[in-house]
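Read the structure below first, then the notes.
Every read-out reported here was derived from the displayed coordinates using simple, explicitly stated rules and does not represent laboratory data. None of the values given here were measured: they were computed from a predicted structure. All Cβ positions, even for glycine, are placed from backbone atoms using ideal geometry, and neighbour counts span all protein chains on display.
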Amino acid sequence: MQFHVRAMSKEDAHLIASWHYEEPYDFYDMDRDQGDLAELLNPDSWKESYFSVHNERDELIGFFAYKRENEKTVEIGLGLRPDLTGKGLGRAFVHTGGAFAKTHYSVTQLSLYVATFNQRAIRLYEQAGFVPLDTNMRRTNGGEYEFLRMIQQMP
């Protein structure tokens with residue numbers, strides 16, 4: 001599958017907001033955190049932060065969200081359409097997000113945060129070249145949850 005990263009559109013943002021994952025990954029449903037949902041649906045957030053990902057048939061398959069941490073590092077958030085998870089697309093999807101960040105933001109390092117219960121994603125990120133850095137508690141989805149911070153040096 002080919003991935004094409006493009007500027008977020010209103011239609012794509014609303015489709016992403018409607019995605020629902022199976023347990024325990026429903027933790028990542030956008031409507032679980034009203035702040036995340038509001039940011040996704042706010043066109044002012046899209047310019048430098050939110051990007052949609054389409055396949056070769058122009059179908060929406062995912063999104064990337066970026067936040068610059070410093071001159072050399074950008075944090076990446078990502079989501080793959082629920083029916084495409086667990087199908088072996090993850091590594092190429094993560095690679096696409098990293099390659100886009102490297103060219104678009106001119107960074108040499110990526111960081112991400114992943115809920116510690118999500119061992120499937122942690123294994124994927126390690127296979128993609130991310131290394132665990134530390135854990136911390138983060139407020140989201142109406143509670144406090146443990147997250148693992150991971151980093152990747154860009155080649």
Report summary line: FRET efficiency for Leu84 and Phe117 from the Cβ-Cβ distance with R0 = 25 Å, rounded to 0.05, comes out at 0.75
**Report entry** Sum of -39500 (n - 2.57) over DSSP H runs of 4+, divided by residues of the chain (222 nm, nearest 500)
**Finding:** -8000 deg cm²/dmol
Query - Cβ-placed point charges (K, R +1; D, E -1), dipole of the chain about Cα centre in debye, nearest 20 - result: 540
Query raised in the report: Tell me, in nm to one decimal, what length is gained between Met154 and Leu133 on full extension, where the rule is 0.36 nm per residue of separation less the Cα-Cα distance?
Result: 6.0 nm
Query raised in the report: For the chain, modelled as a GNM with alpha-carbon contacts under 10 angstrom, which of Leu37, Leu112, Leu89 fluctuates the most?
Result: Leu89
Query - Extended-chain gain in nm, criterion 0.36 nm per residue less alpha-carbon gap, Asp58 and Ala7 - result: 17.0 nm
Requested in this report: Quick one: P(r) of segment 1-81 from all Cα-Cα pairs, 10 Å bins, percents rounded to integers, in order of increasing distance.
Outcome: 18, 51, 28, 3
Report task. Excluding residues on the same chain fewer than 8 positions from Lys67, give the aspartates and glutamates whose Cα lies under 17 Å from its Cα. Result -> Asp36, Glu39, Asp44, Glu48, Glu75
**Report entry** Spatial separation of Cα centroids for segment 113-155 and segment 11-57, in angstrom
**Finding:** 19
Query raised in the report: Reachable lysines from Lys72, Cα under 28 Å, same-chain residues fewer than 8 places away excluded?
Result: Lys47, Lys102
**Report entry** Inter-label distance, nm, simple model (7 Å from Cα along the C-beta direction), Glu146/Ala99
**Finding:** 3.6
Requested in this report: Find how much the distance from Asp44 to Leu124 grows on full extension, using 0.36 nm per residue of separation minus their present alpha carbon separation; answer in nm with one decimal.
Outcome: 25.7 nm
Query - Charge context of Arg91, other residues only, Cβ under 11 angstrom, K/R +1, D/E -1 - result: 0
Query - Straight-distance crosslink candidates among aspartates and glutamates, where the alpha carbon sits under 15 Å from Lys87 and sequence neighbours closer than 8 are dropped - result: Glu22
